[in-house]
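A.B. asks: Input: one structure, supplied below.
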Amino acid sequence: AMLVAPEDPSAVLATLTDPRTRIVTLTITEKAYLRAAGGGLDAAHPDIVHDLANPRMPKTAHGFLTEALALRRAAGTPPFTVLCCDNLPANGATLHRLLVEFAQLR
């Protein structure tokens, strides 16, 4: 089944936290990384602000991935692998850095 995050964020989080979920592929545009001018996380972006205030109803990839990983950790479930499939140079390292920044703000 295909899940559309904005339409059913609870179902997406349930799938991401399911222990059977081992790999999460991510194909997003450069704009969806929500980077500030210096390359770090745009912590003032309205969707980031929303996700920080509402972790169970995220809007961004940052929010979904961070909340799912936090819930998995709390349940003693191993983390999943995130596989970046977009065409951004160093996308894996970029996503890692941005997710760490996001998680530190929580």
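A.B. asks: Report every pair of residues separated by at least 6 positions or lying on different chains whose Cβ atoms are under 6 Å apart, first residue within region 29-47 and under 22 Å from residue 9 (Cβ atoms) and in contact (Cβ under 8 Å) with a residue 40 or more places away in the chain, second charged (D, E, K, R) and in a loop (DSSP other than H, G, I, E, B).
C.D. replies: Filtered contacts from region 29-47: 34/42.
A.B. asks: Looking only at residues that are touching a Leu at 6+ places or on another chain (Cβ under 7 Å) and aliphatic (A, V, I, L, M) in region 27-57, which one is surrounded by the fewest Cβ atoms within 10 Å (Cβ to Cβ)?
C.D. replies: Only one residue tops the list, namely 43.
A.B. asks: Can you tell me which residue is farthest from residue 13 (Cα to Cα) among those in region 80-106 that are of a type in the set (Gly, Ala, Ser) and out of contact with any strand residue (DSSP E or B) (no Cβ under 7 Å at 6 or more places or on another chain)?
C.D. replies: 90
Rule-based calculations on the coordinates, nothing more; no lab input. All values derive from a computational prediction rather than experimental measurement. Backbone-built Cβ (ideal geometry, glycine too); neighbour counts: all protein chains shown.
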